[in-house]
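Reading through the structure tokens given below for one structure.
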Amino acid sequence: PAIEETATEITVTASMTVDNLPVVESRAFGDTPGTGLTVNVFEFTGGADFSSRFLVRKYPATVTSATTAANNGVDVNFTFTLQKTSEARVLHFVVAPEDLNASYGSVAAIMQSLSVSGNKDAYWGRVEFPQGYCTRTVNAEGKEVYDPLPGLPDMLKSIPVIRNFAKVSVTENLANFELTGFELVNVPTAGTVAPWDIAGQKIPELLNGK
């Protein structure tokens with residue numbers, strides 16, 4: 001990933017990694033992202049818990065490589081422009097068939113409100129920036145200067161994202177037993193784009209703590 005900057009903004013080229021799922025003909029969804037998917041980037045403040053992290057803004061993003069490239073184990077690339085800050089921020093990346101909108105609210109409220117249904121799938125991941133995206137200094141003229149963190153490009157490289165539904169596989173290797181089929185019951189027709197622990201009011205620790 002590369003960056004370009006102005007006095008107040010940073011334009012970032014980022015990438016995300018979509019885990020490839022083995023092909024199973026009975027799957028209701030494809031095994032890789034479809035075409036025409038939209039990357040939604042939601043920026044939240046940092047906070048001690050999810051109820052105290054609030055939406056700052058949503059950044060428009062432009063996908064610069066085919067989302068189906070994930071079929072070949074290739075990262076999906078996209079660009080977006082960040083507002084410079086040295087305050088703690090958390091970026092949530094949501095890949096969905098359409099543009100998703102959210103009004104002001106906490107992570108707890110917004111993540112429970114973003115959902116897809118039917119045969120639409122979505123992908124989600126997040127990256128935390130405890131010191132924001134920049135270091136803040138004051139120059140000799142008394143003006144604030146924000147310089148991008150040296151590690152910023154690497155923090156936005158190969159961002160892991162997960163799909164918002166599970167894949168179920170059944171195998172058997174028992175003697176004198178033939179598996180003729182199986183069926184899932186109580187299958188929901190809609191779901192949130194991100195995993196959410198209602199009881200704990202938090203996002204479960206997934207993707208190695210990311």
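The values are calculated or read from the model by the stated rules, or taken from the named source; none is laboratory data. Worth saying up front: this structure is predicted, and the values here are computed from it rather than measured. Every residue, glycine among them, receives a Cβ derived from its backbone with ideal geometry; neighbour counts consider all protein chains shown. All accessible areas refer to the heavy atoms of the entire protein, side chains included, with ligands and DNA or RNA removed. Shrake-Rupley method; radii C 1.70, N 1.55, O 1.52, S 1.80 Å.
For the stretch 122-143, how many residues meet the condition of being surrounded by 13 or more Cβ atoms within 10 Å (Cβ to Cβ) and over 13 Å from the mean Cα position of the chain (by Cα)?
7
Which of the residues belonging to the stretch 79-94 are open to solvent by 10 Å² or more (accessible area, probe 1.4 Å) and either farther than 30 Å from E5 by Cα or in contact (Cβ under 8 Å) with a residue 60 or more places away in the chain (or both)?
T79, T81, Q83, K84, T85, S86
Spot the failing condition for V39; the list is (1) surrounded by fewer than 19 Cβ atoms within 10 Å (Cβ to Cβ); (2) modelled with pLDDT under 90, and only one is missed.
Checking V39 against (1) surrounded by fewer than 19 Cβ atoms within 10 Å (Cβ to Cβ); (2) modelled with pLDDT under 90, the one that fails is (1).
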